[in-house]
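Student: Handing you a structure now.
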Amino acid sequence: MNARVVPTVELGRRYAGELPELALPWQAAEVPVPRLLVLNEALAADLGLDPDWLRSDDGVGLLTGTRVPEGATPVAQAYAGHQFGGYSPRLGDGRALLLGELTDNAGRPRDLHLKGSGRTPFSRGGDGYAAVGPMLREYVVSEAMHALGIPTTRSLAVVATGRDVHREVVLPGAVLSRVASSHLRVGTFQYARATDDPALLRRLADHAIARHHPAAAETDHPHLALFEAVVAAQASLVAQWMLVGFVHGVMNTDNMTISGETIDYGPCAFIDAFDPATVFSSIDTAGRYAFGNQPVVAEWNLARFAEALLPLLADEQDEAVALAVASLERFREHYSEAWRGGMHAKLGLPAGLAADTASALVTDLVTLMQDNHVDHTSFFRGLGAAARGESGPARDLVLDLAAYDAWAERWLALSPDADRMDRVNPAYVPRNHLVEEALAAGTDGDLEPLGVLLDVLAAPYDVRPGLERFAEPAPDSFGRGYQTFCGT
Ligand code: AMP
Ligand code: MG
């Protein structure tokens, strides 16, 4: 069976061409009754794709991989990975395909990738499919992250397939088309390393440098510089997650990119009440990927990345390890600097404030938030109002008013910059109850709530009248103990 040819789109085959050992040519499964559920017109335009054409039969064919342009080579990508700490030597795209690369309006290469496009040689026991709800969830949350200014893969479209997908219950199937600066993962390097082919590992590292960290090529030791660049990018990324209250939920090494983009939105969620122990994923019973554990896990994953790179770092293993250890030590510095700088901005603190004053203020605030289980997003936004003299919105979220008042007095004495705060403390994040509501309606065929939510989340820092309910914590009726489910 040959997929029909679409003449209008040019898809690069750089990954497939440069790394054939990591790219298995494959085709998407037939789609019985395709129906475009949501299309990201702005992103399409940025990729040089005509949104009207994408809505056509040929366009929807591209978005499901059933009609691909001439010369394109869709591939399933090979990778390994540590999942919850245990190593799997062969994961790979079990329900995904890389269609090829597009070039965006800024001239940057962008992967066009499908999720839910059917079985591949990497499927193991899986059916290769995805359901409408989880694909809409990735669409909503990844686009929200992008609007928040956090590096992430993007979502171009979700197409319902008309196929039943069997999970605990029967669900409608869907294909997500995802756009990323690449799909290189720590797990890609683990796979290449395990082949015992140093030339492949080197080609992969050089591909990653050219694509993501070109400055590394200009250094004395490009492969060590690549490692350091990924350490810095991931430290910055995870600091941004922590500042906004995002829990990825499944930080396996196959879900950690070399680019520093957030990838693979499975059991992710935003925290409501501030608590480092927060876990949403139903399968993360030990709390390995709890909110407060994410920096530690990122560092652990980067140690696995370093192990994969060792043959490129030095001829002697001892020397390679010493170099890797020294570079990995910088993770904590990078992370702390990014997080502290972010908190500085979230609190509108003046430039040049003594480091120990800022640090004491931030530490005491974190204790206050945790002791009082304050709603993370509304509390920080409320502090912006407090900086303008309106104490209510933040203070009302705290039970221990004496503790809040004592802290606020110290903080307000520094004349925090409220406008700066409002540019970094979002009013709207994809709160769990709002996401669930939009996904439930979307799965039932009503896409209106999803459209409204996407519009709200597209401008997270701009408070707009009439959107009050999108800025509020979940009603009590939503209940506590919210859980998300992985890999569905
Ligand atoms: P994830 O947890 O989504 O990052 O996926 C982990 C691994 O399981 C990857 O190799 C996926 O391709 C694979 N996988 C997840 N769901 C399915 C499925 N329904 N069918 C086949 N493979 C899957
Ligand atoms: Mg994954």
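The values are calculated or read from the model by the stated rules, or taken from the named source; none is laboratory data. Remember, predicted model here, so these are calculated numbers, not experimental data. No Cβ is skipped: glycine too gets one built from the backbone with ideal geometry, and neighbour counts run over all protein chains shown.
Student: Return only the number of the condition from (1) farther than 20 Å from Tyr129 by Cα; (2) buried (at least 21 other Cβ atoms within 10 Å of the Cβ) that Thr8 does not satisfy.
Tutor: (2)
Student: Also, quick follow-up: From the set of residues in the range 355-391 that are of a type in the set (D, E, K, R) and in a helix (DSSP H, G or I), which is farthest from Arg420 (Cα to Cα)?
Tutor: Looking at the filtered set, the residue picked out is Asp371.
Student: Also: Taking only the range 270-286 into account, find how many residues are within 16 Å of ligand 2 (Cβ to nearest atom) and buried (at least 22 other Cβ atoms within 10 Å of the Cβ).
Tutor: Final tally of qualifying residues: 1.
Student: Quick one: which of Thr188, Thr161, Thr195, Thr219 is hydroxyl-bearing (Ser, Thr, Tyr) and under 21 Å from Gly118 (Cβ atoms)?
Tutor: Thr161
Residues checked against (1) assigned to a helix (DSSP H, G or I); (2) among the polar types (S, T, N, Q); (3) without any contact (Cβ under 8 Å) to a residue 60 or more places away in the chain:
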position: Pro393; (1), (2), (3): yes, no, yes
position: Ala402; (1), (2), (3): yes, no, yes
position: Arg410; (1), (2), (3): yes, no, yes
position: Val429; (1), (2), (3): no, no, no
position: Leu450; (1), (2), (3): yes, no, no
position: Asp455; (1), (2), (3): yes, no, yes
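Student: Right, Ala471: of a type in the set (Gly, Ala, Ser) and within 21 Å of Tyr139 (Cα to Cα) or not?
Tutor: Judged against the criteria, Ala471 is a match.
Student: Let me ask something else about it. Which residue, of Ala194, Ala199, Ala180, is within 20 Å of Glu143 (Cβ to Cβ) and of a type in the set (Gly, Ala, Ser)?
Tutor: Answer to the check: Ala180.
Student: Residue check, Ala402 against (1) closer than 30 Å to Gly451 by Cα; (2) exposed (fewer than 14 other Cβ atoms within 10 Å of the Cβ), all met but one. Which one?
Tutor: Unmet for Ala402, out of (1) closer than 30 Å to Gly451 by Cα; (2) exposed (fewer than 14 other Cβ atoms within 10 Å of the Cβ): (1).
Student: Here's a follow-up. Go over the candidates Leu102, Leu54, Leu19, Leu114 one by one and state the one that is within 28 Å of Pro449 (Cα to Cα), at pLDDT 95 or above, away from ligand 2 (no atom under 16 Å from the Cβ) and crowded, with 19+ Cβ neighbours inside 10 Å.
Tutor: Sole residue among the options that is within 28 Å of Pro449 (Cα to Cα), at pLDDT 95 or above, away from ligand 2 (no atom under 16 Å from the Cβ) and crowded, with 19+ Cβ neighbours inside 10 Å: Leu54.
Student: Cβ-Cβ below 6 Å, separation at least six or inter-chain, first residue in the range 351-366 and among the β-branched types (Val, Ile, Thr), second surrounded by 12 or more Cβ atoms within 10 Å (Cβ to Cβ): which pairs?
Tutor: Partner pairs satisfying both residue conditions: Val362/Met343.
Student: Same structure again: Which residues, counting only those in the range 444-488, are at pLDDT below 95, in contact with a Phe, Trp or Tyr (Cβ under 9 Å, 6 or more places away or on another chain) and surrounded by 14 or more Cβ atoms within 10 Å (Cβ to Cβ)?
Tutor: Listed by number, the residues that qualify are Ala474, Tyr482, Thr484.
Student: May I pose another question? For Ala303, indicate whether it is in a helix (DSSP H, G or I), modelled with pLDDT of 95 or more and buried (at least 21 other Cβ atoms within 10 Å of the Cβ).
Tutor: No: the conditions fail for Ala303.
Student: Does the range 66-78 include one or more residues that are in a loop (DSSP other than H, G, I, E, B) and touching a helix residue (DSSP H, G or I) at 6+ places or on another chain (Cβ under 7 Å)?
Tutor: yes
Student: Now a separate question. Considering only the range 395-448, state which residues are polar (S, T, N, Q) and over 19 Å from Gly341 (Cα atoms).
Tutor: Matches in the range 395-448: Asn432, Thr443.
Student: Report, ordered by the first and then the second residue, all pairs with beta carbons closer than 7 Å, sequence separation of six or more or different chains, a first member in the range 251-263 that is among the β-branched types (Val, Ile, Thr), and a second member that is part of a helix (DSSP H, G or I) and away from ligand 1 (no atom under 14 Å from the Cβ).
Tutor: Within 7 Å, the pairs are Thr253/Arg304; Ile258/Ala208; Ile258/His212; Ile258/Val230; Thr262/Met145; Thr262/Leu237.
Student: Same structure again: Here are some residues: Val31, Val38. Which one is in contact with a helix residue (DSSP H, G or I) (Cβ under 8 Å, 6 or more places away or on another chain), assigned to a loop (DSSP other than H, G, I, E, B) and more than 16 Å from ligand 2 (Cβ to nearest atom)?
Tutor: Testing whether each residue is in contact with a helix residue (DSSP H, G or I) (Cβ under 8 Å, 6 or more places away or on another chain), assigned to a loop (DSSP other than H, G, I, E, B) and more than 16 Å from ligand 2 (Cβ to nearest atom) leaves just Val31.
Student: Can you name every residue in the range 128-156 that is aliphatic (A, V, I, L, M) and surrounded by fewer than 22 Cβ atoms within 10 Å (Cβ to Cβ)?
Tutor: Passing the criteria: Ala147, Leu148, Ile150.
Student: Right, next: Checking Gly245 against (1) more than 16 Å from ligand 1 (Cβ to nearest atom); (2) within 19 Å of Leu302 (Cβ to Cβ); (3) of a type outside the set (Phe, Trp, Tyr): exactly one of these is not met. Which one?
Tutor: Failing condition for Gly245: (2).
Student: Further question: Need the failing condition index for Arg67 against (1) within 16 Å of ligand 1 (Cβ to nearest atom); (2) basic (Lys, Arg); (3) touching a strand residue (DSSP E or B) at 6+ places or on another chain (Cβ under 7 Å), just the number.
Tutor: Failing condition for Arg67: (1).
Student: Among the numbered criteria (1) crowded, with 24+ Cβ neighbours inside 10 Å; (2) over 24 Å from the mean Cα position of the chain (by Cα); (3) away from ligand 1 (no atom under 16 Å from the Cβ), which one does Val159 miss?
Tutor: Every condition holds for Val159 apart from (2).
Student: Also, I was wondering about something else. So, in the range 162-202, exactly how many residues are under 22 Å from the mean Cα position of the chain (by Cα), basic (Lys, Arg) and closer than 26 Å to His223 by Cα?
Tutor: 1
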